[in-house]
């Protein structure tokens, strides 16, 4: 008998498991062709696609393996609590993806298991609750980013934990804590903060519980956890990625973005989720700016680029200096031109207004969102506040909800003073801030401290963080800032830093801090 090509063997195995699936059994009980290894759990998107194409692994193998790892690491063992809920239909989607490889009908993310932050809607059997207890029923349809991921072939593996309400219920909130999911732990050092609010997305990807995840950011909520857990995190330009179907804070600052173990993976996920959406008016220009971001990752693409370094800003001390120094060393070795000690024009007037602006936007945006979620019992912010008070022993056990209460008193989005201050904040942060600095020094991008993310948030501009090295048990990363629609440039620079630093490590779940010297 002539042996079959190796890539066809999984197709026959899948046909057998599909036949077995016709019998009454739960999808997770259907046997995989082989058990994926720990090394497989850390494969890149390109690496997984190659393994699938060669018949070495199937999407079903990886999906069941990730579900096993979630049970072993997230629910037991170090108990990271990074995943709030797994998708009960993930294995079924994995069967379909495996068959797509058999049929040669794959798309860019076919068979790639991805987690979504729990404020991103899925129109399936999973809930979308921003980590709270008050949304008992699943959403009726996918968020636009969810639909785009499914269209690209991704397997939605589950929902990631987060700082409840994306860190906008209280100024005293605890990074990574939600009433629904508990407290997410940092897999590198279980005693250290995971930052937030996309804590679970970051912890799960770092721990090899998924290939990639989506986080969301209003200010710092993707790049903070990514930096704390040694990942690549991209907060896109406001208007590049639709927010429809994401529990909102601010339509002027909210964005979803990828959290991954490599710049190439971030580029692949960003390409899949970016684009115009008629249900999100701010994305009207997106299709004109979307590109294949993976093409920005050529080995010598950073040569000749000019990158400025903002050493100090706002409340920052020199905590970021070592990461900046490492990035500068790598970039100069690769032929980039670094302009050090660049100063940004004063942006205090914009940053100082941010909280009051977002309170007004949250008041408007959450009212619109709750009115749309007609399958849910709570329809107003007042009802949400009352629910939390009634469930205080579970919802308010660690911190309050003063931001919700302040939002009730905020002016409307048609208030002239609000409109003037929002326009001023965007102008001061964007054209008169980041753009002016780039123009003055003829720069392609900036390296800057973490606090500079507040300026980029107000401007609506992109941010990329890339790991550079470790200090003790904890990863360190550098933050890259650019003008509107400059994602490709940031990815080019980030890829060069990544290739020189080679800084990602698998976490070892260290439980206690080292003794003080």
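The Cα-based radius of gyration of segment 324-428, divided by its Kirkwood radius, gives an Rg/Rh of 1.21.
Order these peptides, 431-440, 488-497, 116-125, by their mean beta-carbon neighbour count within 10 angstrom, highest first. Numbers along the way, then the final one.
Values: 431-440: 18.2, 488-497: 26.6, 116-125: 24.8.
Highest to lowest by the protection proxy: 488-497, 116-125, 431-440.
Projecting label points 7 angstrom from Cα along Cα→Cβ for residue 151 and residue 392 puts them 4.7 nm apart.
Our helix-only sum for the chain, with -39,500 (n - 2.57) per DSSP H run of n ≥ 4 divided by its residues, gives a mean residue ellipticity at 222 nm of -11000 deg cm²/dmol.
Percent of C-alpha pairs per 10 Å bin in segment 285-338, short distances first: 20, 34, 30, 16.
Stretching the chain fully between residue 337 and residue 516 yields a gain of 60.5 nm (0.36 nm per residue, less the alpha carbon separation).
Hey, for a label at residue 368 modelled as a point 7 Å past Cα toward Cβ, could you say which residues of segment 278-311 have their backbone N under 15 Å away? Hits in segment 278-311 for residue 368 at 15 Å: 278-284. Compactness of the chain, taken as the C-alpha radius of gyration over 2.2 N^0.38 Å, stands at 0.95.
Taking the inverse of the mean 1/r over every pair of distinct Cα atoms in segment 415-517 gives a Kirkwood hydrodynamic radius of 15.8 Å. Sticking with the crude label model, points 7 Å out along Cα→Cβ, report the distance from residue 417 to residue 349 in nm, one decimal please. Placing both labels 7 Å along Cα→Cβ, they lie 1.7 nm apart.
How much length would be gained if the chain were fully extended between residue 406 and residue 441, taking 0.36 nm per residue of separation minus their Cα-Cα distance, in nm to one decimal?
Extra length from residue 406 to residue 441 when fully extended: 8.5 nm.
A Cα-only calculation for segment 170-231 places Rg and Dmax at 10.6, 32 Å.
Computed from the C-beta positions of residue 191 and residue 505 and an R0 of 25 Å, the FRET efficiency is 0.90 to the nearest 0.05.
For the pair residue 137 and residue 471, label points projected 7 Å from Cα toward Cβ lie 5.0 nm apart.
Using the Cβ-Cβ distance between residue 38 and residue 171 with R0 set to 25 Å, the FRET efficiency from 1/(1 + (r/R0)^6) comes to roughly 0.05.
Which length gain, in nm to one decimal place, applies between residue 383 and residue 89 when the Cα-Cα distance is subtracted from 0.36 nm times their residue separation? Let's see the in-between values first.
Values: separation 294, 0.36 × 294 = 105.84 nm, distance 3.22 nm.
Value of the extension gain: 102.6 nm.
Between segment 190-236 and segment 468-489, the alpha-carbon centres lie 13 Å apart.
Any read-out appearing in this document is the output of simple, stated calculations on the displayed coordinates, not a laboratory observation. Keep in mind the model is a prediction, meaning the values are calculated, not measured. With ideal geometry, Cβ positions are generated from the backbone for all residues, glycine too; neighbour counts draw on all protein chains shown.
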